[in-house]
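Student: Below is the structure I would like to discuss, written out as structure tokens.
The values are calculated or read from the model by the stated rules, or taken from the named source; none is laboratory data. Since this is a predicted model, take the numbers as computed values, not measurements. Cβ placement follows ideal geometry from the backbone for every residue including glycine, while neighbour counts extend to all protein chains displayed.
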Amino acid sequence: MKNDYPQKKKARELAKYLRAERPDYASLKSLFQHLRSELEIEVPKSSKKLPYVPTEEELKRYYEVVWKAKNFQDMMIVKTLMYTGVRVSELISIKLVDIDFHYCQIRINKGKGSKDRIVPFPQTFKELLAMHADSMKKKQAAYLFESSWKK
């Protein structure tokens, strides 16, 4: 192959040499760490960017939109995310039976890392959340947030 890069040719040569040893990923990773060390090649550090921090005015406008939302379910989704800190993937899996209004907490089943946990929500959010949960129960929903297609 005429269009091969030099690195690709070198990889073929190394593969021929190493194939008999049947290396796995971990051993190849270790091999190349030692190779970089022998050749005195430093691994470049990726620069970590600071997150964008909205201005006070932008935050005020955001909260105004959320608190005065015309679509009640959209407002409830945003408030639930804000008050509990759950991930979106966890939010869509919250079942109505997972909400404990007495202790103001929600059970998250199989969250990140397939772990279960309990997240609190503020007492001030209890009434609004209960109203939403009741409206979902009347629609015979199983989840806190369901589309009209039961998805």
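Student: Which of the residues that make up segment 97-151 are hydrophobic (A, V, I, L, M, F, W, C) and in a strand (DSSP E or B)? Explain how you work it out, then say what you get.
Tutor: Pass one, segment 97-151, residues hydrophobic (A, V, I, L, M, F, W, C): 97, 99, 101, 104, 106, 108, 118-119, 121, 125, 128-131, 133, 136, 141-142, 144-145, 149.
Listed by number, the residues that qualify are ILE99, ILE106, ILE108, ILE118, VAL119.
Student: Scan segment 30-49 residue by residue and report those that are under 31 Å from the mean Cα position of the chain (by Cα) and at pLDDT 90 or above.
Tutor: Filtering segment 30-49 down to residues under 31 Å from the mean Cα position of the chain (by Cα) leaves 30, 33, 43-49.
SER30, GLN33, listed by residue number.
Student: When segment 74-128 is examined, which residues are found to be of a type in the set (Asp, Glu) and within 17 Å of GLU146 (Cα to Cα)?
Tutor: Here is the first cut: in segment 74-128, the residues of a type in the set (Asp, Glu) are 74, 90, 98, 100, 116, 127.
Hits for segment 74-128 are ASP74, GLU90, ASP98.
Student: When segment 35-67 is examined, which residues are found to be surrounded by 10 or more Cβ atoms within 10 Å (Cβ to Cβ) and either within 24 Å of LEU14 (Cα to Cα) or of a type in the set (Lys, Arg) (or both)?
Tutor: LEU35, ARG36, SER37, ILE41, LYS60, ARG61, listed by residue number.
Student: Can you list the helices (runs of 4 or more DSSP H) lying wholly within segment 5-96 that have 1 or more residues being in contact (Cβ under 8 Å) with a residue 40 or more places away in the chain and not assigned by TED's automatic domain parsing to the domain that holds PHE125?
Tutor: Working: elements: 6-18, 25-38, 56-67, 72-84, 88-91.
Correct list: empty, since no element meets the threshold.
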